[in-house]
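Participant: Before we start, here is the structure in question, set down as structure tokens.
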Amino acid sequence: MNATQRVSTEGSGWRWALPALLFVAPLLLWPAGTILVQGLAPDGRLSVDVARAVAGDAYYWERLAFSLGQAAASTTLALVVGLPAAWVFALVRFPGRSLLRALVTVPFVLPTIVVALAFERLLGPGGWAGRAAEAMGLAMPGVSGTIWAILLAHVFYNVSVVIRIVGGVWANLDPATLEAAQMLGAGRIRRFTAVTLPALLPAVLSASALVFMFCFTAFGTVLLLGGGDPHLDTLEVVVYRLTTRLVDLPEASVVAIAQVLTTVLVLLVYAQLQRRVARPLGQRARHARRLRDLGWGQRLLVLLVLALLTAFVVVPLGALVHGALTVGNEGRLTTEHFARLFEDSGNTSYVAPASALRWSLTFALGSTAIALLVGLAAGMAVARSRGVLGVLYDGAFMLPLAIPAVTLGFGYLVTFNRAPVDLRGSAVLVLLAHALIGYPFVMRAVLGPVRALDPELVEAARMLGASRRRAWLRVTLPLVARGLFVGAAFAFGISLGEFGATLLLQRQEFATVPVAIYEALGRPGDANLGAALAMATVLMGVSAAAFFVIERVRYREVGEF
Amino acid sequence: MRLRTLTMLLALVASVLVGCAAPSREGEPTELRVLVHSSFDAKQDLIRAFEDEHHAKVTLLKAGDANKLVSRALLNIGNPEADVLYGVDNLTFPRVAGKGVFEDFTATRRAQIPADVRAQFGDSRAVTPIDYGYVALNFDNKAGTPPATFEELTQAPWRNKLVVEDPATSSPGLQFLATTVSYFGETGAYTWRDYWRDLKQNGVLVTDGWSAAYNKEFSRNKGTRPVVVSYTTSPAAEVFYGEGKLTEPPTSNVIPKGAKLFRQVEAAGVLAGAKHPELGRQFIDFMLRDAFQQQIPETMFVYPVVSGIALPEWWKWASVDVQASPLQVDAATVDRWVREWTELMRR
């Protein structure tokens, strides 16, 4: 291998980093920095005393420890459920596979309050779980309002991250390597630990990092499922509580900064690990086997995985639909709540389903397009930079997941508030905010394939006379496309379900589906609860259909994943 | 080359941004931006009538709850994103008072707003009261006999039966805290702090907002707790939104004898530095007209502020014979309550 050429591919990180930074700096670092500094130094002087007081308060350390602990536990659980499921989806063909994989991604778009209502219907008194346990003669443990409810919700939300990111790599492991190992006499277990596992490790780490970040900064799930127990508050919840009443509270800024620093620290460790396990891989689409071609043990595993996924994901979704069909009717099924969605109340707060869907989809498609560009550039920058720089890029580009949405929303209002860029009340701001939280998913999903890319392929193309650009377009991009699809699904889902930033930046006429749900839940009465659940069901259906379509398109164009 | 492509795309995004910020053309109706909280609602045809009358286009900017609304105004003093702000209340007003957020305005019908309501904002001309409401305990009628006193809720029969909202994050939560402060007092043998400590020991559940308390924990909606902190108008709203199936409320207000409820008054003001201050003042006058005041009960479920307004028949379920608490608050006091409450309940 020619050493100088190797360097020329690896050291080109800054070319990629530049455009990504041009997006992240004005849209994240500037607004978030402004609001945090404003909070920290309300009179222009930094309040060191507050930082010292926070650092000396055991309460905040306990909250930090709890945030880290529950995130680690949630990540572990998501892996326990997600890894076997990733194997099943990657390598086994069974009826309804695409549909199930689409359904598993649906939680991503559901507002937390809706998920909390579904879980209450499931785990609460007289809920499905309790009744099922009773029928089997078992006592249902009181899960509602405990740490278990939070962990369950985190698995519900995040299992698809593991399935898609790890499954994507698994489905494309070159079978030749495994066959070679088999011929060299490696048994099933040895083949898994020596060949499959090392190949999957970067993807497993990638997925874990995303799940961990998501759970570390958990907010809605904790507030709504923690049963109000103060011992279950995360740092993000503490910041929320401090900022709701007073945005300029120095204490909130100190805690928010501490949270960001912790995240950066975790990310740096992670990035270091990731570099160590990354290796070039042969990639080739493998054909999934049919269920009946499997041995008994594997068949049992498949059934177990399907049962787990059904319990963790499909049943809560079912509880939601059931709620939409029965609210206010003592268990009788009726579609009246769906019909009512279309009746204009004549009030300004009325949001027509078609209009809400149109805005939701507009924001989702637009922000996904931007997220793809930025995420690709960020991913290439990280993969193509050596040493500390690559690690730093990795940490910096993941920051959108670490900064509280409320902080960012307020940041926008104080930075984009003067001509020529007065964006307050503009739809573009919502679009950009959604792209900002979506692109880290694209970046993570792209990183795996880029790192696994054998540099010799690119070098071969270059030696055959292809320009750098042509080699990238013809060799790198097709292999990275797989990651782009996975990332696009998540960016799309995140945008469809987001309402923190939307709520802070929205005009009434831009009301998205989650905003309409949130507003309906702000009023008493069966009609409103019914409308919220019906709207949530519509959101579920539309997103499931969208994910299903993405599945079908993918199949034909970039092989199996 | 690929760098150039990406940079060009980013430049495109940037130009779209600038384009969106460009001012509107002449001859089009004047855009009046009204910054409101998420619960704002009004009859669409009334707003259209206002638009026709003034050749205007009303744009509603929704800002989350009252606290976020006020925070937004504070972050943009003198350079507001809207012309009018509606939804500042007597608990959030102290945060903005004297900071130059609003410009003074005397509404045409200001004299028709009861003096004691105006007094809740220190009769400040910065804001004009539009409506008011009370927070009270709501009881699920299926659950037997409601509690007769606040004190009873600290006793064994009411263990794990009450759900309240966090005053640090929820407006009704803060109002209920204010009611308990006013009822039990700040000093004496048994203060509001003692009451909350006893509630905590008796298993009170705290949610972050009204929606989780009412839709998830309240036994009327699949939850386990028959007593919830909600509004005095919620039982009437249950009938109104009962899809014609309810002739009587399934819930009722619990207002102990002698208890004075904290009265929340919501107000509107013209933001200092507004692009269209005159149109903004006309909008506030419009909000005090009979037509607007009359639809307040059925759109926002609060009481109209102008005296003698005709009310719908079903509003009888919302009529309560309560005395407003005379409690006067400043920002520091409210902050202290919230801090003390948080120390007591959340640590």
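Participant: Among the residues of region A:14-49, count how many are away from chain B (no Cβ under 13 Å) and either closer than 13 Å to A:Gly411 by Cα or surrounded by fewer than 18 Cβ atoms within 10 Å (Cβ to Cβ) (or both).
Facilitator: 15
Participant: Something else: Any idea how many residues of region B:33-67 are among the charged types (D, E, K, R) and more than 7 Å from chain A (Cβ to nearest Cβ)?
Facilitator: 6
Participant: Please go through region B:240-269 and give me each residue that is among the β-branched types (Val, Ile, Thr), within 13 Å of B:Asn138 (Cβ to Cβ) and surrounded by 22 or more Cβ atoms within 10 Å (Cβ to Cβ), ordered by number.
Facilitator: The answer is B:Thr251, and nothing else.
Participant: While we're looking at this one, here's another question. Condition check: within 14 Å of chain B (Cβ to nearest Cβ), in a helix (DSSP H, G or I) and surrounded by fewer than 16 Cβ atoms within 10 Å (Cβ to Cβ). Does A:Val115 satisfy that?
Facilitator: Judged against the criteria, A:Val115 is not a match.
Participant: I would also like to ask the following. For a quick check of your reading: which helices (runs of 4 or more DSSP H) sit entirely within region A:370-480 and have at least 1 residues that are more than 9 Å from chain B (Cβ to nearest Cβ) and farther than 30 Å from A:Val266 by Cβ?
Facilitator: In region A:370-480, the matching helices (runs of 4 or more DSSP H) lie at A:455-463, A:468-471.
Residue-wise test of (1) away from chain B (no Cβ under 14 Å); (2) at pLDDT 85 or above; (3) farther than 30 Å from B:Leu69 by Cβ; (4) in a loop (DSSP other than H, G, I, E, B).
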site: A:Ala203; (1), (2), (3), (4): yes, yes, yes, no
site: A:Ala207; (1), (2), (3), (4): yes, yes, yes, no
site: A:Phe214; (1), (2), (3), (4): yes, yes, no, no
site: A:Ala218; (1), (2), (3), (4): no, no, no, yes
site: A:Gly227; (1), (2), (3), (4): no, no, no, yes
site: A:His231; (1), (2), (3), (4): no, yes, yes, no
site: A:Glu236; (1), (2), (3), (4): no, yes, no, no
site: A:Arg241; (1), (2), (3), (4): no, no, no, no
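Participant: Mind counting the residues in region A:148-178 that are surrounded by fewer than 20 Cβ atoms within 10 Å (Cβ to Cβ) and over 21 Å from A:Leu197 (Cβ atoms)?
Facilitator: Of the residues in region A:148-178, 1 are surrounded by fewer than 20 Cβ atoms within 10 Å (Cβ to Cβ) and over 21 Å from A:Leu197 (Cβ atoms).
Participant: For region A:477-496, check the following and say yes or no: at least one residue is modelled with pLDDT under 80, under 30 Å from A:Leu200 (Cβ atoms), surrounded by fewer than 19 Cβ atoms within 10 Å (Cβ to Cβ) and more than 26 Å from the chain's Cα centre (by Cα).
Facilitator: Among the residues of region A:477-496, not one is modelled with pLDDT under 80, under 30 Å from A:Leu200 (Cβ atoms), surrounded by fewer than 19 Cβ atoms within 10 Å (Cβ to Cβ) and more than 26 Å from the chain's Cα centre (by Cα), which makes the answer no.
Participant: Continuing with the same structure: Confirm whether A:Arg468 is touching a residue at least 60 places away in the same chain (Cβ under 8 Å), surrounded by fewer than 22 Cβ atoms within 10 Å (Cβ to Cβ), more than 25 Å from A:Val166 (Cα to Cα) and in contact with a helix residue (DSSP H, G or I) (Cβ under 9 Å, 6 or more places away or on another chain).
Facilitator: It is false that A:Arg468 is touching a residue at least 60 places away in the same chain (Cβ under 8 Å), surrounded by fewer than 22 Cβ atoms within 10 Å (Cβ to Cβ), more than 25 Å from A:Val166 (Cα to Cα) and in contact with a helix residue (DSSP H, G or I) (Cβ under 9 Å, 6 or more places away or on another chain).
Participant: Among the numbered criteria (1) at pLDDT 75 or above; (2) hydrophobic (A, V, I, L, M, F, W, C); (3) surrounded by 16 or more Cβ atoms within 10 Å (Cβ to Cβ), which single criterion is violated by A:Leu281?
Facilitator: Of the numbered conditions (1) at pLDDT 75 or above; (2) hydrophobic (A, V, I, L, M, F, W, C); (3) surrounded by 16 or more Cβ atoms within 10 Å (Cβ to Cβ), the odd one out for A:Leu281 is (1).
Participant: If you don't mind, there's one more thing I want to ask. Inspect region B:93-108 for any residue being surrounded by fewer than 16 Cβ atoms within 10 Å (Cβ to Cβ), among the acidic types (Asp, Glu) and out of contact with any Lys or Arg (no Cβ under 7 Å at 6 or more places or on another chain) and give the result as yes or no.
Facilitator: The answer is no; no qualifying residue exists.
Participant: Sticking with this structure for a sec: For region A:321-329, check the following and say yes or no: at least one residue is more than 29 Å from A:Ile437 (Cα to Cα), surrounded by fewer than 18 Cβ atoms within 10 Å (Cβ to Cβ) and of a type outside the set (Val, Ile, Thr).
Facilitator: yes
Participant: If you don't mind, another one. Test of understanding: among A:Gly69, A:Gly39, A:Gly33, which residue is of a type in the set (Gly, Ala, Ser) and within 20 Å of the chain's Cα centre (by Cα)?
Facilitator: Matching residue, one of A:Gly69, A:Gly39, A:Gly33: A:Gly69.
Participant: For region B:211-222, name all the residues that are facing another protein chain (nearest Cβ under 7 Å) and either touching a residue at least 24 places away in the same chain (Cβ under 8 Å) or more than 13 Å from B:Ser171 (Cα to Cα) (or both).
Facilitator: B:Ala212, B:Tyr214, B:Asn215, B:Lys216, B:Asn221, B:Lys222
Participant: Moving on to the next point. Examine region A:284-296 for a residue that is closer than 30 Å to A:Pro478 by Cα, assigned to a loop (DSSP other than H, G, I, E, B), aliphatic (A, V, I, L, M) and modelled with pLDDT under 85, and state whether such a residue exists.
Facilitator: Looking through region A:284-296, at least one residue is closer than 30 Å to A:Pro478 by Cα, assigned to a loop (DSSP other than H, G, I, E, B), aliphatic (A, V, I, L, M) and modelled with pLDDT under 85.
Participant: Those residues that are acidic (Asp, Glu) and either part of a helix (DSSP H, G or I) or more than 14 Å from every other protein chain (Cβ to nearest Cβ) (or both), I need them from region B:89-114; list them, please.
Facilitator: Matches in region B:89-114: B:Glu103, B:Asp104.
Participant: Continuing with this model, one more query. From the list A:Leu457, A:Leu447, A:Leu408, exactly one residue is surrounded by fewer than 24 Cβ atoms within 10 Å (Cβ to Cβ) and touching a residue at least 24 places away in the same chain (Cβ under 8 Å). Which is it?
Facilitator: Within the list A:Leu457, A:Leu447, A:Leu408, the selection yields A:Leu408.
Participant: Being over 26 Å from A:Asp174 (Cβ atoms), surrounded by fewer than 21 Cβ atoms within 10 Å (Cβ to Cβ) and β-branched (Val, Ile, Thr): is that true of A:Val430 here?
Facilitator: Criteria not met by A:Val430.
Participant: Would you mind stating whether B:Val204 is more than 27 Å from A:Thr326 (Cα to Cα), within 9 Å of chain A (Cβ to nearest Cβ) and either surrounded by 23 or more Cβ atoms within 10 Å (Cβ to Cβ) or over 19 Å from the mean Cα position of the chain (by Cα) (or both)?
Facilitator: So B:Val204 fits the description; yes.
Participant: Continuing with the same structure: Consider B:Arg72 carefully, then state whether it is closer than 30 Å to A:Val430 by Cα and part of a helix (DSSP H, G or I).
Facilitator: Answer is yes for this residue.
Participant: Need pairs with beta-carbon distance below 7 Å; first residue more than 8 Å from chain B (Cβ to nearest Cβ) and within region A:516-537, second basic (Lys, Arg) and in a helix (DSSP H, G or I); sequence gap 6+ or separate chains.
Facilitator: Sorted first by the residue in region A:516-537, then by its partner, the pairs are A:Ala531/A:Arg340.
Participant: If you go through region A:103-112 one residue at a time, do you hit one that is closer than 18 Å to A:Val162 by Cβ and among the hydroxyl-bearing types (Ser, Thr, Tyr)?
Facilitator: Checked region A:103-112: at least one residue is closer than 18 Å to A:Val162 by Cβ and among the hydroxyl-bearing types (Ser, Thr, Tyr).
Participant: Select from region A:411-420 the residues that are crowded, with 18+ Cβ neighbours inside 10 Å and out of contact with any Ser or Thr (no Cβ under 7 Å at 6 or more places or on another chain) and write down the one among them that is modelled with the lowest pLDDT.
Facilitator: Among them, the one singled out is A:Leu413.
Participant: Could you give me the residue pairs with C-beta distances under 6 Å whose first residue belongs to region A:144-169 and is farther than 16 Å from A:Ala491 by Cβ, whose second residue is part of a loop (DSSP other than H, G, I, E, B) wherever it lies, and which are 6+ apart or on separate chains?
Facilitator: Partner pairs satisfying both residue conditions: A:Ser144/A:Gly124; A:Gly145/A:Gly227; A:Ala149/A:Val143; A:Ile150/A:Gly226.
Participant: Here's a follow-up. Would you check if B:Tyr190 is more than 22 Å from B:Asp89 (Cβ to Cβ), in a loop (DSSP other than H, G, I, E, B) and without any contact (Cβ under 8 Å) to a residue 60 or more places away in the chain?
Facilitator: Against the criterion (more than 22 Å from B:Asp89 (Cβ to Cβ), in a loop (DSSP other than H, G, I, E, B) and without any contact (Cβ under 8 Å) to a residue 60 or more places away in the chain), B:Tyr190 qualifies.
Participant: Of the residues in region B:85-111, how many are over 25 Å from B:Val334 (Cα atoms) and either of a type in the set (D, E, K, R) or in contact with a strand residue (DSSP E or B) (Cβ under 7 Å, 6 or more places away or on another chain) (or both)?
Facilitator: Selection size over region B:85-111: 4.
The values are calculated or read from the model by the stated rules, or taken from the named source; none is laboratory data. Everything numeric in this text was worked out from a predicted model, so none of it was measured. Using ideal geometry, Cβ is built from the backbone for each residue, glycine included, and neighbour counts are taken over all protein chains shown.
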